[in-house]
1. So for the pair residue 32, residue 182, with labels modelled 7 Å out along Cα→Cβ, what separation do we get in nm?
2. May I ask you to compute the full-extension gain from residue 200 to residue 77, defined as 0.36 nm times their residue separation minus their alpha-carbon distance, rounded to one decimal in nm?
3. Rolling a 1.4 angstrom probe over the protein heavy atoms, how many square angstrom per residue are accessible across the stretch 8-56?
4. Taking the 0 to 90 degree range and rounding to the nearest ten, how far is the long axis of helix 89-98 tilted relative to the main principal axis of the chain, both from C-alpha atoms?
5. Taking θ as phi - 60°, what are the ³J(HN,Hα) couplings along the stretch 70-81 by the Karplus curve (6.51, -1.76, 1.60), each to the nearest whole Hz, with x for Gly and Pro?
6. How many angstrom lie between the Cα centre of the stretch 180-195 and the Cα centre of the stretch 95-171?
7. If the cut-off is 17 Å between C-alpha atoms, which lysines fall inside it for residue 24, apart from same-chain ones fewer than 8 positions away?
8. Report the relative contact order of the chain, percent, no decimals, based on alpha-carbon pairs under 8 angstrom and at least 6 residues apart.
Amino acid sequence: MAAYPLTVGFDLDMTLIDSRPGIKAAYEELSARTGTFVDAEAAVTRLGPPLEQEIRRWFPEERVAEISDLYRSLYPQYAIAATPAMRGAREALAAVAAAGGRTIVVTAKFEPNAKLHLTHLGMEPDAVIGSLWAEAKAEALRAHGARIYVGDHTGDVRGAHAAGALSVAVATGPCDGGELRAAGADVLLDDLTEFPEWLNRYIAEGEEGAEGADPSEAASA
């Protein structure tokens, strides 16, 4: 595969998009359709892992595949329009492009739905790879030569490290700054509004200089 001067991977939920309102609406519709209570308010505090992990909380194992498929079929109608971009998301993607780099989105979300979100919000990464979680994300990161992976979950930290990439964590999701630091995040930012400045420093000073930012200054999510 061709070598690129800079490829940066981004997680999707709670990194580039605030998917809580949309996912809440989708779970509420799922509950109405199935007659099974799903605590949507609680579910949106646990975003990151694959859908099936949440579905198992509410449905028996023999129905997990069926209910997951139903949820994914409901998702475009109920979740896409309700989901905004996170603060700084567009600017973060633009910063990589301005540096002559490529952006990829690597997410546990069902890939067609991930693409719907990005299209709806006018975000245009160079590639979108779905249905990968935690260490499995390394597969796509390595395939695209990503040197940096940006995410909000400890699973994203593990995925970055498994790929030999720099883990840049944003404290905007279910894991607070302390959890992200304990998981081994190399860089910790409050949110993506800080990413362009950090990236400029990374490019100018190299990885060692970029890691020099004091993570203790980042707020907990």
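1. Rounded to a tenth, the inter-label distance reads 3.9 nm.
2. 40.4 nm
3. Value returned for the stretch 8-56: 36 Å² of accessible area per residue.
4. Roughly 40 degrees, rounded to the nearest 10.
5. Here the 3J(HN,Hα) series is 5, 4, 5, 6, 7, 3, x, 6, 9, 10, 5, 5 Hz.
6. What the calculation gives is 15 Å, centre to centre.
7. 109
8. It comes to 23 percent, rounded to a whole number.
The values are calculated or read from the model by the stated rules, or taken from the named source; none is laboratory data. Since we're looking at a predicted model, the values are computed, not measured. Please note: Cβ atoms are built from the backbone with ideal geometry, for glycine as well, and neighbour counts cover all protein chains shown. Calculation scope for accessible area: heavy atoms of the full protein, side chains included, ligands and nucleic acids excluded. Shrake-Rupley method; radii C 1.70, N 1.55, O 1.52, S 1.80 Å.
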